[in-house]
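Peer 1: Pasting a structure here, questions to come.
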Amino acid sequence: MNYQEALNYVEELKKYGSIPGLANMERLCRRLGDPQDGLKFIHIAGTNGKGSVLAFCSEILKTSGYRVGRYLSPTIFEYRERIQLNGRPISQKELCRLLELIKNKCEEIVAEGFNHPTAFEIETAMAFCYFKEQKCDIVVLETGLGGLLDATNIVKNTVLEIFTSISLDHMGVLGDTLPQIAENKAGIMKPGSRALALQGDKEVMAVLERKAEEFSIPLSIADPSNLKGIKSSLDRQSFRYGKYEDLTIHMAGRYQLENAMLAVCAMEELAKAGFLVKEKAIYKGLSDAFWPGRFQVLAKNPLFIVDGAHNRDGAARLAQTIQFYFTNRRIIYIIGILRDKEQEEILKAACPLAAQVFTVPTIGERGLSSYELACTAKQYHGNVTSVDSIQEAVELAYLSANKDTVIIAFGSLSYLGNLINIVKAASDKESRKKMGRDSHGKQRES
């Protein structure tokens, strides 16, 4: 198959939905030779922050000289992003080859009367095959949903489990309470590994501590109160943590300091497990790490920021970040949220800070129309406009803004990649116009 055929096949796979459990995954990987058994993993679970912690850890390990596989979801710009080697996406050629191999195995499985593997199971198996072929020293693996019954939890050779912030999300699948959700996510713990968690809710920590005791593995806690000397701007943040002075990251938001701290602690835990990381690699890796769509500044004058806040905790963190950076600034929102998310909780947390709100549609089986979202948003804000397309929303936001306005687009990552490209194209066009005007003016003066 060629790349377009591969993408079409992946799209077709969505009809198999999401099936919690490991039986399908075990069956598929067994036919592929269980590639995951020849790899070592850092396994990350949590409600928010998984992608950022993955980015920090991967960059530090790569800088320290390790051959690092990254597996993440969802992606923002291109499908291939979910499988990376040292930050480079899998090639189209390799993706097509592996997907064709796995497609044949799936046909054998179905012919024997078993369920067809889901899209996520196939993608995860493909990642394991690629990382095994590429002889990765370590794979940084992000769970898809929950932990215990997630397809990624087929792995056995986990060196370190990392738990980012855990809050309410996907309650229909993971449970209705924080302890239930924490129990599910704690399911990635393995005997013989180490565990690391961000200090959080007491009930959540109690679950993690109990599970660690069950497996007789050490659980370390990263406490944000130990962050010192914090200096923050939209371009860079610096802080002290333990023996590390003047650590610098280039991602905005207080929560990114917590994610960076978690990554530093992860390197200390890895050292205890035999993965030695150079101290200078920690500094450089943190500084070089980038994760698109997380309070990312796309353009200035006016400021245009995009953020992947897509649940109640993410919306609350976004609101805190806005209040920190933009007190008394006029805020315009562009919002797109999936149907199965807590729209009311997200809007309740974020909307009071905005002067104007534009809603956009999200697509796919989980998509929500801009009109439906606007109807809900109007319960929490008096100036809401439903817009048919992302392009139109960006244009209207710019028309409604002045130089002191901050435009913030947030919600589902499924639409943010398109929005980022639209904003950057508009910004590049304006820059070219300005350069032309400046050049023309200089020519007239001479």
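Peer 1: Got a sec? Which of Gly187, Gly144, Gly200 is open to solvent by 10 Å² or more (accessible area, probe 1.4 Å), within 21 Å of Val10 (Cβ to Cβ) and not aliphatic (A, V, I, L, M)?
Peer 2: Answer to the check: Gly144.
Peer 1: Also, I was wondering about something else. Against the conditions (1) modelled with pLDDT of 95 or more; (2) among the aromatic types (Phe, Trp, Tyr); (3) in contact with a helix residue (DSSP H, G or I) (Cβ under 7 Å, 6 or more places away or on another chain), where does Phe120 fall short? Just the number, please.
Peer 2: (1)
Peer 1: Can you tell me which residues in segment 377-409 are open to solvent by less than 50 Å² (accessible area, probe 1.4 Å) and touching a Leu at 6+ places or on another chain (Cβ under 6 Å)?
Peer 2: Ala377, Ile390, Val406, Ala409
Peer 1: Please verify whether segment 210-231 includes one or more residues that are among the basic types (Lys, Arg) and open to solvent by less than 60 Å² (accessible area, probe 1.4 Å).
Peer 2: Yes.
Peer 1: For the structure I just gave you, tell me whether Tyr71 is among the aromatic types (Phe, Trp, Tyr), under 16 Å from Gly285 (Cβ atoms) and touching an Asp or Glu at 6+ places or on another chain (Cβ under 8 Å).
Peer 2: no
Peer 1: Same structure, new question: So, Arg80, is that one basic (Lys, Arg), surrounded by 18 or more Cβ atoms within 10 Å (Cβ to Cβ) and under 30 Å from Met267 (Cβ atoms) or not?
Peer 2: Criteria met by Arg80.
Peer 1: For a quick check of your reading: which strands (runs of 3 or more DSSP E) sit entirely within segment 274-380 and have at least 3 residues that are of a type in the set (Val, Ile, Thr)?
Peer 2: 330-336
Conditions (1) within 23 Å of Val140 (Cβ to Cβ); (2) open to solvent by less than 10 Å² (accessible area, probe 1.4 Å); (3) out of contact with any Pro (no Cβ under 6 Å at 6 or more places or on another chain), marked per residue:
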| site | (1), (2), (3) |
| --- | --- |
| Ala281 | yes, yes, yes |
| Ile305 | no, yes, yes |
| Arg312 | no, no, yes |
| Ala316 | no, no, yes |
| Pro352 | no, no, yes |
| Gly364 | no, no, yes |
| Ala374 | no, yes, yes |
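Peer 1: Out of curiosity, is Leu257 within 18 Å of the chain's Cα centre (by Cα), open to solvent by less than 10 Å² (accessible area, probe 1.4 Å), touching a residue at least 12 places away in the same chain (Cβ under 8 Å) and under 30 Å from Ser427 (Cα atoms)?
Peer 2: In short, yes.
Peer 1: Tell me the residue from Asp235, Asp246 that is at pLDDT below 95 and in a strand (DSSP E or B), please.
Peer 2: Asp246 is the lone residue from the list that is at pLDDT below 95 and in a strand (DSSP E or B).
Peer 1: Looking only at helices (runs of 4 or more DSSP H) that fall completely inside segment 92-193, which ones have 2 or more residues that are within 25 Å of Leu61 (Cβ to Cβ) and within 22 Å of the chain's Cα centre (by Cα)?
Peer 2: Where helices (runs of 4 or more DSSP H) fall fully within segment 92-193 and carry at least 2 residues being within 25 Å of Leu61 (Cβ to Cβ) and within 22 Å of the chain's Cα centre (by Cα), they are 119-133.
Peer 1: Scan segment 10-57 residue by residue and report those that are open to solvent by 20 Å² or more (accessible area, probe 1.4 Å), at pLDDT 95 or above and either not small (Gly, Ala, Ser) or not in a helix (DSSP H, G or I) (or both).
Peer 2: Glu26, Arg27, Arg30, Arg31, Leu32, Gly33, Asp34, Asp37, Lys40
The values are calculated or read from the model by the stated rules, or taken from the named source; none is laboratory data. Remember, it's a predicted structure, so these values are computed and weren't measured experimentally. Here the Cβ is made from the backbone with ideal geometry for all residues, glycine too, and neighbour counts use every protein chain on show. Surface accessibility is based on the protein's heavy atoms, side chains included, excluding ligands, DNA and RNA. Shrake-Rupley method; radii C 1.70, N 1.55, O 1.52, S 1.80 Å.
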